[in-house]
Amino acid sequence: MIKVLLQVDSENRPFALEVKGHSDIAPKGMDPICAAVSAIVQLIESAISRNSDKYMITKRTGLFKITGLAEKISLYDAGSQIEFLIRESIVFLKKLESEYPKQIKIQANRQRIEDRG
């Protein structure tokens, strides 16, 4: 299962995003759900890394994580175009979740990703 963890502030604005796992609907490299999620994650990474130095991006096989460098800096603070991209990416990921609930799960919480035990 692909797990998408959103850390949100009191106004429900995301300040961290973590995507990990595999949908296991098809073998790696042939999985359409993983391909869709990977494309969204790569688009977010490209946009943010080219336009802002306020974020730390961690990426390795099966994991993508982006976090504001300052305490609770919103992912939306990177600029209006990136805010739009993040909002629409979350909408798309939620649509995938509704269509494939056994393959992708989105969770939003107000606890920092690093603090979860």
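The values are calculated or read from the model by the stated rules, or taken from the named source; none is laboratory data. Since the model is a prediction, treat every value here as computed from it, not as a measurement. Counting neighbours? That spans all protein chains shown, and the Cβs are built from the backbone with ideal geometry, glycine included.
Return the only residue of K28, K54 being in contact with a helix residue (DSSP H, G or I) (Cβ under 7 Å, 6 or more places away or on another chain) and basic (K, R).
Sole residue among the options that is in contact with a helix residue (DSSP H, G or I) (Cβ under 7 Å, 6 or more places away or on another chain) and basic (K, R): K54.
Give the number of residues within region 26-53 that are loosely packed, with under 15 Cβ neighbours inside 10 Å and either outside any helix (DSSP H, G or I) or at pLDDT below 85 (or both).
Of the residues in that region, 9 qualify.
Mind checking which residues of region 8-25 are of a type in the set (D, E, K, R) and in a loop (DSSP other than H, G, I, E, B)?
Of everything in region 8-25, those that are of a type in the set (D, E, K, R) and in a loop (DSSP other than H, G, I, E, B) turn out to be D9, E11, R13, D24.
On the given criteria, is G29 within 18 Å of L5 (Cβ to Cβ) and of a type in the set (G, A, S)?
Considered against the rule, which asks whether it is within 18 Å of L5 (Cβ to Cβ) and of a type in the set (G, A, S), G29 comes out as no.
Just need a number here: residues in region 14-25 that are modelled with pLDDT of 90 or more and within 10 Å of the chain's Cα centre (by Cα).
3
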